[in-house]
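Undergrad: Before I ask anything, let me first share the structure, which is written out below as structure tokens.
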Amino acid sequence: MYILGIESSCDDTSAAILEDGKVLSNVTASQAVHLRYGGVVPELASRAHEQNIIPVVDKAIADAGISKHDLSAIAFTRGPGLLGSLLVGTSFAKSFSLALGIPMVDVNHLQAHVSAHFVVDPAQPMPPFPFLCLLVSGGNSQILLVKDYMDMEVIGQTIDDAAGEAFDKCAKVMNLGYPGGPVVDKLAQEGNPKAFSFAEPNIQGYNYSFSGLKTSFLYTLRDNIKENPNFIEENKADLCASLQATVIHILMKKLLKAAKDLKIKHLAVAGGVSANSGLRNAFMELQEKKGFTVYVPPFKYTTDNAAMVASAGYRKFLKGITCEQTVAPYSRTTIES
């Protein structure tokens, strides 16, 4: 069974081929046009997707060593994401489906991130059900109780900003460029994580909040720049290390609480921020020091990619779940939709 996956929710155009759940190819075209603006420009993103999608799909099929006529189904990201970008991927999937006479499977982008753990790979063991997954990215920070391939319950989530957004916005006020998260991670490895103290929210249950942390970070810069105009430049590494340590502590504290309350020993992480070295180390420490079994995805499956979309689509297709040509993309939804 060959599944074509298509991902176009933001600024990466990606296509992948899975054979019975195993990745044969995973091709992604990024969009450098956004760098000058310090963030993704939706209209430019959708135009770039239009240019990239055909050559990306063509290369994915060629790299897999199959013909388009070998495909069993097409899985595509329906949402959430940028509506213009999603329209490109959805429209292509519909056209390709009609041309080949094969079914389509619509995929929730958030479920796809978790489904990166369900790729068939001997070197990547799958977490057993049920397990807890920390889904953390530029737009989402959630704790999920994963009961089955398509049965995922949100038990905690951010009430304002996401962790990745906090990284990016704090990086922006330090003029570190876009995207800021990877730069913060790199500089943090050279700094002292205890050099500065930032506010941590006291939110009930398993929910998160990062708006107060951003405000605390901004006030720290403001107050110190009054005394030393070169404060940011002279303390860049320590600021990044302290920021990263605070974000990770907030994330792991709630995840650990949920794991203890629910008596679950298997923990996974997914989403773009799962590429952060500090967060990955924090998960490994849970395994080494607290007896949990952790599942950290390979770097190639952390950011937006079509292999995770194809993986989610494959699991749905096995259950006979497909969609009609009338489906429309959506910009907002939950992982449970």
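Undergrad: Tell me whether the range 42-56 contains one or more residues that are outside any helix (DSSP H, G or I), modelled with pLDDT under 95, under 30 Å from Val173 (Cβ atoms) and open to solvent by 30 Å² or more (accessible area, probe 1.4 Å).
TA: no
Undergrad: Can you name the number of the only condition in (1) modelled with pLDDT of 95 or more; (2) open to solvent by 30 Å² or more (accessible area, probe 1.4 Å) that Val105 fails?
TA: (2)
Undergrad: Right, next: Residues that are free of Cβ contacts under 8 Å to residues at least 60 places away in the same chain, at least 1 per element: which strands (runs of 3 or more DSSP E) completely within the range 118-202 meet that?
TA: 152-157
Undergrad: Now for a separate question. Give Leu255, Leu221, Leu262, Leu239 a once-over and let me know the one that is within 29 Å of Val154 (Cβ to Cβ), open to solvent by less than 40 Å² (accessible area, probe 1.4 Å) and touching a residue at least 40 places away in the same chain (Cβ under 8 Å).
TA: Leu255
Undergrad: What are the residues in the range 316-332 that are open to solvent by 40 Å² or more (accessible area, probe 1.4 Å) and among the β-branched types (Val, Ile, Thr), if any?
TA: First, the residues of the range 316-332 that are open to solvent by 40 Å² or more (accessible area, probe 1.4 Å): 317-322, 324-326, 328, 330-332.
Hits for the range 316-332 are Ile321, Thr322, Thr326.
Undergrad: What residue, of Gly181, Gly177, Gly138, Gly164, is within 20 Å of Ile248 (Cβ to Cβ), open to solvent by 40 Å² or more (accessible area, probe 1.4 Å) and either among the aromatic types (Phe, Trp, Tyr) or modelled with pLDDT under 95 (or both)?
TA: Gly138
Undergrad: Could I ask something else about it? Looking for whichever is open to solvent by 40 Å² or more (accessible area, probe 1.4 Å) and small (Gly, Ala, Ser) here; the options are Gly313, Gly291. Which one fits?
TA: Values: Gly313 fails: open to solvent by 40 Å² or more (accessible area, probe 1.4 Å).
Result of the check over Gly313, Gly291: Gly291.
Undergrad: Have a look at Leu82, Leu98 and point out the one that is open to solvent by 40 Å² or more (accessible area, probe 1.4 Å), over 15 Å from Tyr314 (Cα atoms) and within 22 Å of the chain's Cα centre (by Cα).
TA: It is Leu82.
Undergrad: Just to be sure, is Thr246 hydroxyl-bearing (Ser, Thr, Tyr) and open to solvent by 50 Å² or more (accessible area, probe 1.4 Å)?
TA: The answer is no for Thr246.
Undergrad: Lys214: in a helix (DSSP H, G or I), surrounded by fewer than 17 Cβ atoms within 10 Å (Cβ to Cβ), touching a residue at least 24 places away in the same chain (Cβ under 8 Å) and under 25 Å from the mean Cα position of the chain (by Cα), yes or no? Steps first, please.
TA: Working: in a helix (DSSP H, G or I): yes; surrounded by fewer than 17 Cβ atoms within 10 Å (Cβ to Cβ): no; touching a residue at least 24 places away in the same chain (Cβ under 8 Å): yes; under 25 Å from the mean Cα position of the chain (by Cα): yes.
For Lys214, the condition - in a helix (DSSP H, G or I), surrounded by fewer than 17 Cβ atoms within 10 Å (Cβ to Cβ), touching a residue at least 24 places away in the same chain (Cβ under 8 Å) and under 25 Å from the mean Cα position of the chain (by Cα) - is not met.
The values are calculated or read from the model by the stated rules, or taken from the named source; none is laboratory data. Just so it is clear, the structure is predicted and the values come from calculations on it, not from any experiment. Cβ sites come from the backbone with ideal geometry, for glycine too, and all protein chains shown count toward neighbours. Quick note on the areas: whole protein, heavy atoms, side chains included, nothing else; ligands and nucleic acids left out. Shrake-Rupley method; radii C 1.70, N 1.55, O 1.52, S 1.80 Å.
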